[in-house]
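Colleague: This is the structure I want to talk about, given as structure tokens.
We did not get these values from a lab; they are worked out from the coordinates using the rules stated. Predicted model, so just to flag it, every value in this text is computed and none were measured. Backbone-built Cβ (ideal geometry, glycine too); neighbour counts: all protein chains shown.
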Amino acid sequence: MRIPIPSAGGALAFGVIALTASLNLSLPVNAGERIYRVIDAAGNVTFTDVPPPGVAATDVTPITLPAGPTPAQQRAAEERIEAIRREAESLAAERARASAERHQEVSAAEQELAAARAALAEAEVQGSGDWQTLVTGGRVPSAAYRQRVEAARARVAEAERAVRSAGGQVR
């Protein structure tokens, strides 16, 4: 078999062959067999398992390839790959579950914030009983009104903190 490699330097070509052999890709060569690297007059590099005829011995470089992985090593590697794939799927599922929980928390916190803001708007509406008449003739909001509005504002502030804590943004 002949594998032509574009000329880009001997180290690069050797690296390509070493990588291919180490990954056990498509080189039908048994361990211990020789692969010959031949450089022709144009500088093209070719790898072959048969010494080329009519080429001077100085133009041929024998390369001995290391043995590839055994079937047991290949199975072990495939099992490791499968275990990594299962772990990645498990982590992705956990991330999706956590994201869904976070989304639910944010959504619930935003709903509570909307309800708290509506309650504040309602609490701020002053009725006839929400005024206190002063001796001097003026009127001021009653203590009950001020307490009602302050409690509604505190509920809004707490709901805003809950939205931020859940990872949402207060709008």
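Colleague: If a paramagnetic tag sat 7 Å from the Cα of S128 along the Cα-Cβ line, which residues of region 137-166 would have the backbone N under 18 Å from that point?
Modeller: The answer is 139-142, 145.
Colleague: Enter the mean projected area of the convex hull around the alpha-carbon atoms of region 117-161, in nm², rounded to one decimal.
Modeller: Mean projected area for region 117-161: 3.2 nm², to one decimal.
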